[in-house]
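Each remark here refers to the structure printed beneath this line.
What follows draws every value from the coordinates through simple rules; no lab data is involved. From a predicted model like this one, the values you see are computed outputs, not experimental measurements. Don't worry about glycine lacking a Cβ; one is built from the backbone with ideal geometry, like all the others, and counts go over all protein chains shown.
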Amino acid sequence: MRKDDEMINIGIIGLGYWGPNYVRIFNELEQSKISYCCDIDGAKTDQVKRTNPFIETSKDYKDLLLASDVDAIVVSTPASTHYKIVKDCLSAGKDVLVEKPIALSTKDAEELVNIAKKNKRILMVGHTFVYNPVVQKLKEYIYNGDLGDIYYLYFSRTGLGPIRRDVNAMWDLAPHDISMLLYLLEDMPTEVSAKGQSYLQEGVEDVVFMTLRFPENIMASIHVSWLDPYKVRRATVVGSKRMAVFDDVNKLETLKIFDKGIDKYSEKSYADYGEFQLSIRDGDVHIPKLR
């Protein structure tokens with residue numbers, strides 16, 4: 001068992017889009033350091049070596065599995081490679097942080113979880129938004145009942161690119177929104193359906209619309225696309241008392257709480273106008289201060 005104050009030696013497999021960020025951040029933390037980096041592109045490992053000469057590099061990820069000075073491994077390779085690489089890392093006795101999605105099938109994902117349990121290793125997926133202070137605050141509003149009964153939620157994650165070849169837009173983008181949805185509701189859906197369409201590459205959907213139904217009649221929808229004119233990263237929660245919008249693109253007003261809703265009244269309140277049983281309430285907008 002590692003002590004809390006022990007230094008953790010990290011290995012990075014994949015130095016594409018996210019890999020260099022992991023190198024920088026883990027080296028900035030007091031209790032971790034990057035000891036080994038790997039990428040099949042030698043130019044990327046050479047670049048890391050120039051700025052971090054103390055880091056070992058390789059073009060073969062299996063070198064990290066044999067390294068005694070690697071305690072944990074970050075897998076930030078294309079999604080189609082996650083299953084094989086993560087399985088090898090766990091089997092070699094390494095803790096693993098893998099970028100989303102964990103794998104491309106339920107069967108493969110469950111196998112990785114079982115291997116981690118069997119080998120008593122940490123297996124963590126990069127669902128970064130559940131650690132976002134704004135999302136945590138939004139969950140606090142939901143948990144405390146500030147929004148009332150939750151009616152429905154909808155998520156939009158769109159933009160023009162980047163286009164993937166090994167996975168479709170749902171596998172690439174929706175894990176962020178699904179992780180937030182499960183985190184906010186602390187429940188699993190009872191029904192899930194998804195429809196997508198391929199426009200740019202045959203068999204690879206560029207746009208997907210997903211619908212989920214949860215207990216207590218809560219509905220949710222997720223719209224993802226890498227073929228859209230607007231960059232949108234938005235989650236909306238509609239409750240019986242208030243509504244909330246998390247807009248990750250708007251850094252000044254990232255979370256807004258709307259005192260809007262429909263108030264219900266009994267017919268006794270309107271003796272002569274029984275049709276006025278529902279009253280629209282349009283109140284203030286609150287923008288909490290968050291780090």
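Through the Karplus equation 6.51 cos²θ - 1.76 cosθ + 1.60, θ set to phi - 60°, convert the phi angles of the range 107-116 into ³J(HN,Hα) values in whole Hz; use x for Gly and Pro.
Karplus values, whole Hz, x for Gly and Pro: 4, 5, 4, 5, 5, 5, 4, 5, 5, 4.
Nearest 10 degrees, 0 to 90: what angle lies between the long axis of helix 169-185 and the longest principal axis of the chain (Cα atoms)?
Approximately 60 degrees, to the nearest 10.
5 Å is the cut-off here: which amide hydrogens, built 1.01 Å from N in the peptide plane, fall below it relative to residue 232, excluding neighbours closer than 5 in sequence?
The answer is 158, 159.
Express in nm, to one decimal, how much length is gained between residue 59 and residue 195 on full extension, taking 0.36 nm for each residue of separation and deducting their alpha carbon distance.
The residue 59-residue 195 span can extend by a further 45.1 nm.
Please list, in chain and number order, the residues 5+ apart from residue 37 or on another chain whose amide H is under 5 Å from its amide H, with Hs placed from the backbone.
It is 12, 56, 57, 58, by chain and number.
Work out the charge dipole of the chain with +1 on the Cβ of Lys and Arg and -1 on the Cβ of Asp and Glu about the Cα centre, then indicate which of 141, 219, 277 is farthest towards its positive end.
141
Taking the Cα centre of the range 129-286 as the origin, how large is its charge dipole in debye, to the nearest 20, when only Lys and Arg (+1) and Asp and Glu (-1) carry charge on their Cβ atoms?
Roughly 340 debye, rounded to the nearest 20.
For a Förster distance of 35 Å, can you work out the FRET efficiency between the beta-carbons of residue 80 and residue 50, rounded to the nearest 0.05?
Efficiency at R0 = 35 Å is approximately 0.75.
How much length would be gained if the chain were fully extended between residue 69 and residue 216, taking 0.36 nm per residue of separation minus their Cα-Cα distance, in nm to one decimal?
47.9 nm
In debye to the nearest 20, how big a dipole does the chain give about its Cα centre with +1 on each Lys and Arg Cβ and -1 on each Asp and Glu Cβ?
Here the chain has a charge dipole of around 440 debye.
Could you list 284, 187, 206 so that the one with the fewest beta carbons within 10 Å of its beta carbon is first and the one with the most is last?
The fewest-first ordering by Cβ neighbours comes to 284, 187, 206.
Counting only C-alpha contacts under 8 Å and six or more residues apart, can you give the relative contact order of the range 125-195 as a whole percent?
That works out to 46 percent.
Determine the gain in length on full extension of the stretch residue 30-residue 43; use 0.36 nm per residue of separation and subtract their C-alpha separation, reporting nm with one decimal.
1.8 nm
Under the √(5λ) rule applied to the eigenvalues of the Cα gyration tensor, what semi-axes describe the equivalent ellipsoid of the chain? Give them in Å, descending.
That gives 43, 21, 18 Å for the three semi-axes.
Rounded to the nearest 500 deg cm²/dmol, what is the calculated helix-only ellipticity per residue at 222 nm for the chain, with -39500 (n - 2.57) per DSSP H run of length n ≥ 4?
Result for the chain: -8000 deg cm²/dmol, rounded to the nearest 500.
Mean projection of the alpha-carbon convex hull of the range 129-286 over all orientations, in nm²?
Hull-based average projected area comes out at 11.5 nm².
Between residue 188 and residue 8, what FRET efficiency follows from the Cβ-Cβ distance if R0 is 25 Å, with the result rounded to 0.05?
0.20
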